[in-house]
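Asker: The structure follows.
Please treat every number below as a calculation from the coordinates, not as lab data. The structure presented is a predicted model; accordingly, all values stated were derived computationally and were not measured. Counting neighbours? That spans all protein chains shown, and the Cβs are built from the backbone with ideal geometry, glycine included.
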Amino acid sequence: KPSKRITGIVPSGKDGWEVHFAAWTRKQAGEDIIMLSVGDHDFDTPSETIEACVNAVRGSNHHYTPLPGLPRLRKAMAAASTACTGILTEPDEIIATPGGQAALYAAVQGVLDPGDHAVVVAPYYATYPNTFSAAGASFTVVETPAEDGFQPRADMIRAALKPNTRAILINTPNNPTGAVYSRERLEQLADICKEHDLWLLSDEVYWTLGGGEHISPRSLPGMAERTLVINSMSKSHGMTGWRMGWLTGPKAMIALVTDLNLVMTYGLPAFISIACAEALENHYGAKEIAERYAARRGAMLDALRGLNDVTVRGSEGGMYVMLDISTIEPDDEKFAWGLLDREKVGVMPGSSFGEAAAGHIRISLCQPELILREAALRVRRFASNYR
Ligand code: PLP
């Protein structure tokens, strides 16, 4: 019989994914569907990174790598973390993991015992609840009100704390809302963590796509020793399929997570590690990718401007734009199905990401600008003639 822990890892979210799967199936069948439901790039990894990997494979980098990551890779990640978090980061404050998801898994395993509790700030990335279930921990979801631009609210987080709460998980820039948490709200969160001796798990995988200054809570006074930052090459460097991310945190915690790697991954592929180190050292594609998403976000928002009864919420960074369609149709799933059926645009209903995002649709920016503009035209037509 499988363990309770593993059978407890159940997919989260409402049926919203069905819209995505239907859009996908119809596209495969040849329909002219514009897929704006997923968060994976429409373009390949930058050619310099591919070249670096090919050279690394030819250079006989075929052996085991150290558990926390190749020294060159950790050094490059530490430099990236220094830029991301705004405080000087040493290589021994870094562990390389197979993607940001594994960094999140390691962080949750690192700070929560079975029976412990965490606060998860919503709307959130779909895997968050399951990552806590996998650690045998419970969690309370705290929504960020849409009318507040999806910013976290200290009073709501305080109200969710329990005697066994050990951690708060946040994500900025946010998936799905695109909200970039303000310094003021992050400071309030930091105060809660310090007052109640909590860890702050901060998912910053979209940090280069923020559109403005990125503020990491790790840089706030007294927070470096209680913050674990989740990072990734997936979004910033166009490398979703390479599976490379990292966790930044206090040395002692990173040393313990290294022990977890002993029993879980036993290190990462050597040639991928070298290619990632080279991509980080030389910023392969990073600036272009950030500019591309900023241009796409601008184009999408521009093309939707002035659309009656539709309000943009959040949508300051990351790879998504959130539209409040509640005055046209409060049932976001019905709206998303209608948009797919009548205008052949696949989006995610907001309610799949939690209560606060109900009445919204999430539009992914993972298509070229021209296609995004066409999609915006279709959304406009659909919303204007809604019945
Ligand atoms: N965190 C957030 C907020 C995400 O949106 C994603 C992927 O979409 C991840 C983490 C995981 O990314 P990866 O494991 O590819 O680094």
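Asker: Taking the convex hull of the Cα atoms, report for the chain its projected area averaged over all directions, in nm². Provide the component values of the computation, followed by the final result.
Answerer: On the way: hull surface 77.5 nm².
Taking a quarter of the hull surface, the average projection is 19.4 nm².
Asker: Please state the shape class of the stretch 63-282: rounded when a/c is under 1.5, otherwise prolate if a/b exceeds b/c and oblate if not, all from the C-alpha gyration tensor.
Answerer: It comes out prolate by the Cα gyration axes.
Asker: Within 15 Å, Cβ to Cβ, of Arg292, how many net charges do the neighbouring residues add up to if Lys/Arg are +1 and Asp/Glu are -1?
Answerer: Surrounding charge for Arg292 is -1.
Asker: I'd like the Karplus ³J(HN,Hα) series for the stretch 223-232: coefficients 6.51, -1.76, 1.60, θ = phi - 60°, whole numbers in Hz, and an x wherever there's a Gly or Pro.
Answerer: My calculation for the stretch 223-232 gives 9, 4, 7, 10, 10, 10, 9, 9, 9, 7 Hz in order.
Asker: Aspartates and glutamates near Lys344 by alpha-carbon distance under 13 Å, same-chain residues fewer than 8 away left out - which ones?
Answerer: Glu31, Asp32, Glu374
Asker: Springs between alpha-carbon atoms under 10 Å, Gaussian network over the chain: tell me which of Gln367, Gln109, Gln28 tops the mean-square fluctuations.
Answerer: The residue that fluctuates most here is Gln28.
Asker: Out of all Cα-Cα pairs in the stretch 11-130, roughly what percent, to the nearest whole number, are more than 24 Å apart?
Answerer: The answer is 55 percent, as a whole percent.
Asker: Taking the Cβ of each residue in Met322, Met223, Met156 as the centre, tally the other Cβ atoms inside 10 Å and list the residues starting with the fewest.
Answerer: Ordered by Cβ neighbours within 10 Å, fewest first: Met156, Met223, Met322.
Asker: To make sure I understand, if each residue's beta carbon is the centre and we count other beta carbons within 10 Å, what order do Phe43, Phe353 fall in, fewest to most?
Answerer: Details: Phe43 12, Phe353 26.
In order of increasing Cβ crowding within 10 Å: Phe43, Phe353.
Asker: While we're looking at this one, here's another question. What Kirkwood hydrodynamic radius, in Å, does the stretch 239-368 give when the mean of 1/r is taken over all pairs of distinct Cα atoms and then inverted?
Answerer: On the way: mean 1/r = 0.0554 Å⁻¹.
About 18.0 Å for the stretch 239-368.
Asker: What 222 nm value per residue comes from the helices of the chain, counting each DSSP H run with n ≥ 4 as -39,500 (n - 2.57) and dividing by all residues, nearest 500 deg cm²/dmol?
Answerer: -12500 deg cm²/dmol
Asker: Going by average Cβ density within 10 Å per residue, which order do the peptides 167-175, 120-128, 52-60, 247-255 take, highest to lowest? Don't skip to the end; give the middle numbers.
Answerer: Working: 167-175: 25.9, 120-128: 23.3, 52-60: 15.2, 247-255: 20.1.
Going from most to least packed, we get 167-175, 120-128, 247-255, 52-60.
Asker: In whole Å, largest first, what are the principal axis extents of the Cα atoms in the stretch 277-326?
Answerer: Here the Cα extents, ordered largest to smallest, are 47, 17, 9 Å.
Asker: Just to compare against my own numbers: the Cα pair-distance distribution for the stretch 1-81, 5 Å bins, whole % per bin, please.
Answerer: P(r) over the stretch 1-81, rounded to whole percents: 3, 9, 9, 11, 11, 10, 13, 18, 13, 2.
Asker: For the chain, with the dipole built from +1 on Lys and Arg beta-carbon atoms and -1 on Asp and Glu ones, taken about the Cα centre, which of Ala160, Phe353, Phe150 lies farthest toward the positive end?
Answerer: Phe353
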